[in-house]
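Beneath this line is the structure, given in structure tokens, with notes to follow.
The values are calculated or read from the model by the stated rules, or taken from the named source; none is laboratory data. Note that the structure is predicted; figures quoted are calculated from it, not measured. In this analysis, Cβ positions are derived from the backbone assuming ideal geometry, glycine residues included, and neighbour counts consider all displayed protein chains. Side chains are part of the model used for accessible areas, which takes the heavy atoms of the whole protein and leaves out ligands, DNA and RNA. Shrake-Rupley method; radii C 1.70, N 1.55, O 1.52, S 1.80 Å.
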Amino acid sequence: MQKFLIPGGSIRENRVILDGSDARHITRVLRLSRGDHLSLTDGMGTDFSGRITDCNREQVTVEIMDTRLSQTESPLVLTVCTGMLKYQKMDDVIQGLTQIGITRWIPFFCERSIPLPDAKALDRRMERWQTIANETIKQCQRSRVVEISFPMTFDRILAMAKDFDHCIAFWEQGGDSLSQLMPGKGRNQTLVLIGPEGGFSESEINRASASGFIPYSLGPRILRAETASLCGAALIQHRLGDM
């Protein structure tokens, strides 16, 4: 059953109203009606089961029947930083990473990133990325909205390393084995760096290593940047999370 995202605090007297595109999807695509059941989430880790009590093409009223903590969120607090890519590729990356179960996504600029777009273009892309992530949450039964940060500089990413249990930079010449990774204490927070098209320069990897990042390889084949983002996140979820 598809899960629908409801705004925090939108439940009133044990009922919530879905409108706009959600209402149209429920009535026109799923063809649900009064008495049918829905799965809902507040995007902060709590899920709800509900029953439709009234509906039309513009508004669906749902009675909350059950409340529970999510069973679909990873115990790993995973932040993935992706070097800026061209156009559609970033859309594909955030869609895939949301399915894998990341907590936060940070696009960033480094030596081989595409040219910096203007501020208005970045604002539009940010809105698009959040929309894609939110729609993906519904499809893959997640219960927590992915935090998407405004694109950062490489130096700012490196300065974040001190706040994480694991700091990983995937690089084609990285030599350490992922088998050495073990879950950390507490929240098990992990920061992952994936380079842009063309990868990281050696000087960037040296700076990352000095900041506490460990370089790892994704194998003997050279992967496209968008593929590397998904493979890297999936491998970390396998070692430290719930995949």
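Tell me yes or no: at least one residue of segment 149-158 is part of a loop (DSSP other than H, G, I, E, B), on the phi > 0 side of the Ramachandran plot and open to solvent by 10 Å² or more (accessible area, probe 1.4 Å).
No, segment 149-158 contains no residue that is part of a loop (DSSP other than H, G, I, E, B), on the phi > 0 side of the Ramachandran plot and open to solvent by 10 Å² or more (accessible area, probe 1.4 Å).
Quick one: SER33 ticks every box in (1) farther than 30 Å from ILE168 by Cβ; (2) exposed (fewer than 12 other Cβ atoms within 10 Å of the Cβ) except a single one, so which number is it?
All conditions pass for SER33, except number (2).
Please go through segment 4-19 and give me each residue that is closer than 20 Å to THR131 by Cβ and either modelled with pLDDT of 90 or more or in contact with a Leu (Cβ under 7 Å, 6 or more places away or on another chain) (or both), ordered by number.
The initial filter retains those residues of segment 4-19 that are closer than 20 Å to THR131 by Cβ, namely 4-8, 10, 18-19.
PHE4, LEU5, ILE6, LEU18, ASP19 - these are the residues of segment 4-19 that are closer than 20 Å to THR131 by Cβ and either modelled with pLDDT of 90 or more or in contact with a Leu (Cβ under 7 Å, 6 or more places away or on another chain) (or both).
Conditions: (1) in a loop (DSSP other than H, G, I, E, B); (2) within 20 Å of the chain's Cα centre (by Cα). GLY212 meets all but one. Number of the miss?
(2)
For every residue, the table says whether it meets (1) of a type in the set (Gly, Ala, Ser); (2) within 19 Å of the chain's Cα centre (by Cα); (3) modelled with pLDDT under 95; (4) closer than 18 Å to ASP155 by Cβ.
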position: ALA208; (1), (2), (3), (4): yes, no, no, yes
position: ILE222; (1), (2), (3), (4): no, no, yes, no
position: GLU226; (1), (2), (3), (4): no, yes, yes, no
position: ALA233; (1), (2), (3), (4): yes, yes, no, no
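Of ILE52, ILE102, ILE64, which residue is closer than 14 Å to GLN141 by Cα, in contact with a Ser or Thr (Cβ under 8 Å, 6 or more places away or on another chain), of a type in the set (A, V, I, L, M, F, W, C) and not in a helix (DSSP H, G or I)?
Working: ILE52 fails: closer than 14 Å to GLN141 by Cα; ILE64 fails: closer than 14 Å to GLN141 by Cα.
Criteria check complete, one pass: ILE102.
Among the residues of segment 70-125, count how many are polar (S, T, N, Q) and closer than 25 Å to SER39 by Cα.
Going through segment 70-125, the residues polar (S, T, N, Q) turn out to be 70-72, 74, 79, 82, 88, 95, 98-99, 103, 113.
Still in the running and closer than 25 Å to SER39 by Cα: 70-72, 74, 95, 98-99, 103.
Number of matching residues: 8.
Name the residue, out of GLY8, GLY83, that is under 23 Å from the mean Cα position of the chain (by Cα) and open to solvent by 20 Å² or more (accessible area, probe 1.4 Å).
Values: GLY83 fails: open to solvent by 20 Å² or more (accessible area, probe 1.4 Å).
Criteria check complete, one pass: GLY8.
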